[in-house]
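Take a look at the structure below.
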Amino acid sequence: MLAQGLVSAAEQLRVSSLHVTFCRENEWHELGAAGLLQRQGVQYHWHNRGYRSFDDFLGALKSSKRKTIRKERARVREQGLSIEVLTGDALTPDIWDAFYPFYLSTVDKRWGSAYLTKRFFRRLGETMAEHVVLIMARHQGRYVAGALNLIGEDTLYGRIWGCRREFDFLHFEACYYQAIEFAIERSLARVEAGAQGQHKLQRGYEPVPTYSAHWIRDPGFRDAVERFLTQERREIAFEMEQLRELLPYRQS
């Protein structure tokens, strides 16, 4: 009923298109049955299979991959970097002020627009600090990088990474390994690291499908998009098979 209501509302409002993003698979099928075009994407998620510690997780990996991760983490320490995992009351205004330049640096690198303000991050700390975990890296007493995550019911969502100076493997440590450690400590089911970056595969993050549904008013445009999506779904299904072959886990 909701799916049919969406289409009716779009028609009545005379909008050019309607988009439902990141719906669940069962919702995706219902939306498709209501006449919306179906699209799939790929993200990379780490799944907690009852690990007791980070070393326990490493034990599930092939020997070569396990050694690589340990070397990368050791290299971070060798560069004189220290990592702080901050949440709750530890998220003071000073911490957010230190993180904000890292957010801006990522925006600058990607030619984006800094639509999030310093006040926004402070409000994040004031109103929902218990749902935020900020991974901050220090070098010679100064913060040099940070990764922002949001804590859901059973998931840690990686959202923003930024640095003002490049260090070997710091991105992997702050965004991936620390997130895994936090998820294990809190007994979270998974870490969602978002799209892009097949380098995540070698660090235990697995390809998972994402779902969206789209209604387009113009028939000609709709037909063109539908042909594209049909081909894209075939390509993504093939890509998912190839990506799974690159996972670093030992065969059970």
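The values are calculated or read from the model by the stated rules, or taken from the named source; none is laboratory data. Source: prediction; values computed, not measured. FYI the Cβ positions are ideal-geometry reconstructions off the backbone, even for glycines, and counts take in every protein chain you see. The protein model used for the area step is the full one, side chains on, heavy atoms only, and it has no ligands, DNA or RNA in it. Shrake-Rupley method; radii C 1.70, N 1.55, O 1.52, S 1.80 Å.
Results for (1) modelled with pLDDT under 95; (2) crowded, with 21+ Cβ neighbours inside 10 Å, shown as yes or no for each residue.
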position	(1), (2)
TYR143	no, no
GLY146	no, yes
ARG164	yes, no
ASP168	no, no
HIS171	no, no
ALA183	no, yes
Worksheet entry | Selection from the stretch 74-84 of residues that are surrounded by fewer than 17 Cβ atoms within 10 Å (Cβ to Cβ), on the phi < 0 side of the Ramachandran plot and touching a residue at least 24 places away in the same chain (Cβ under 8 Å) | ARG75, GLN79, SER82, GLU84
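Results for (1) closer than 30 Å to GLY5 by Cβ; (2) at pLDDT below 95, shown as yes or no for each residue.
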| position | (1), (2) |
| --- | --- |
| GLN198 | no, yes |
| PRO219 | yes, no |
| GLU232 | yes, no |
| MET240 | no, yes |
| TYR249 | no, no |
Practice prompt. Select, from TYR205, TYR115, the only residue that is closer than 30 Å to ILE236 by Cβ and without any contact (Cβ under 8 Å) to a residue 24 or more places away in the chain.
Written response: TYR115
Discussion item. For the stretch 95-122, give me each residue that is β-branched (Val, Ile, Thr) and surrounded by 17 or more Cβ atoms within 10 Å (Cβ to Cβ).
Written reply: ILE95
Discussion item. For the stretch 207-235, give me the residue count where each residue is surrounded by 17 or more Cβ atoms within 10 Å (Cβ to Cβ) and within 30 Å of ILE180 (Cβ to Cβ).
Written reply: 4
Practice prompt. State all residues of the stretch 69-97 that are touching a Lys or Arg at 6+ places or on another chain (Cβ under 9 Å) and part of a helix (DSSP H, G or I); if no residue qualifies, say none.
Written response: ILE69, GLU72, PRO93, TRP96, ASP97
Discussion item. With open to solvent by less than 30 Å² (accessible area, probe 1.4 Å), in contact with a strand residue (DSSP E or B) (Cβ under 7 Å, 6 or more places away or on another chain) and either over 30 Å from SER187 (Cβ atoms) or not polar (S, T, N, Q) (or both) as the only criterion, which of LEU18, LEU61 stands out?
Written reply: LEU61
